[in-house]
Amino acid sequence: MKPAQLTRTAVAISLVVGAALIVVSVLLMPDFSGGHRERLEAIAAAQGTATISALSFTASQLFLAVGLVGVAHLVRSRVPLLATLGGVLAVLGTFGHAVYGGVNVLMLAMAQDLAALDAHAAVLARGEGGIGIPFMAAGLLGTVLGFILLGVAVWRGGLGPRWVGPAMLVWVVVEFVGSGFSQWAGYASGALYAVIFGALAHAVWQSSISHWQTAAEVGVDTGSRSERVGV
């Protein structure tokens, strides 16, 4: 497999795997509606599924970063500014979420020590109220703004079905506004997320290999063809 084909395949697979891991994480996530103490108790009550949820969420960020950068690369020739800014912000969002994913993994260990529940809850509160704020802000703002800009870039760049770009904007509203009013909005968000990333993965898979070739690779291919025809 040539490097360009490998890159295209890696991006398409990353989009599918990243979205699948996010959906698994959301479906298995314990009830985090209360404070830190209640969250730790919820994790302790469902240690197995909570572990899968936390690890899936953390691992998904690597795949999402690769996939979204690939999408930005694919539409960059048509909408360079939107694609670049959207890609940078999307990666910033995955970075912030990956840091918070580390906190979720740490909470798994804390939930195994309920005798020190109050102390653990106090540590989490200090972390989220201090040094953790920039990372949490990066995760939230990077995801929201990055998804909006990439959604517009995908729509204007004509990547995939015409509904994919607008659907990305709708997802932002459903996920960050609707989920605050209804639990069902969270399920709708997960379903829409999976559909969007599936469509993006298919568009990447069907894209011309020339979009993924470097200038050096294009020169090598041109030279090889010239040699074969005796030019």
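Observations
- Summed side-chain charge close to ALA111 - residues other than ALA111 whose Cβ falls under 14 Å, Lys, Arg +1, Asp, Glu -1: -3
- Whole-number accessible area per residue in Å² for the chain, which is evaluated in the context of all protein chains at 1.4 Å: 52 Å²
- With DNA, RNA and ligands ignored, accessible area of THR49 (1.4 Å probe; Å², nearest 10): 60 Å²
- When the solvent-accessible area of the chain is split by element, carbon and sulfur atoms take up 71 percent of it, the probe being 1.4 Å.
- Local electrostatic count at GLY186 - Lys and Arg +1, Asp and Glu -1, tallied over other residues with Cβ under 13 Å: -2
- Computed over the alpha-carbon atoms, the chain gives an Rg to Rh ratio of 1.08, Rh here being the Kirkwood radius from the mean inverse distance.
- Rounded to the nearest 500, the 222 nm mean residue ellipticity of the chain from helices alone is -28000 deg cm²/dmol, with -39,500 (n - 2.57) taken per DSSP H run of at least 4 residues.
- Fully extending the segment from TRP184 to SER208 would add 4.8 nm, taking 0.36 nm per residue of separation and subtracting the current Cα-Cα distance.
- Alpha carbon centroid spacing (whole Å) that separates the range 179-209 from the range 48-95: 13 Å
The values are calculated or read from the model by the stated rules, or taken from the named source; none is laboratory data. Every value quoted in this text rests on a predicted model; they were computed, and no experiment measured them. Neighbour counts are summed over all protein chains in view; Cβ atoms, including those assigned to glycine, are modelled from backbone coordinates with ideal geometry. Heavy atoms of the whole protein, side chains included, go into the accessibility calculation; ligands, DNA and RNA do not. Shrake-Rupley method; radii C 1.70, N 1.55, O 1.52, S 1.80 Å.
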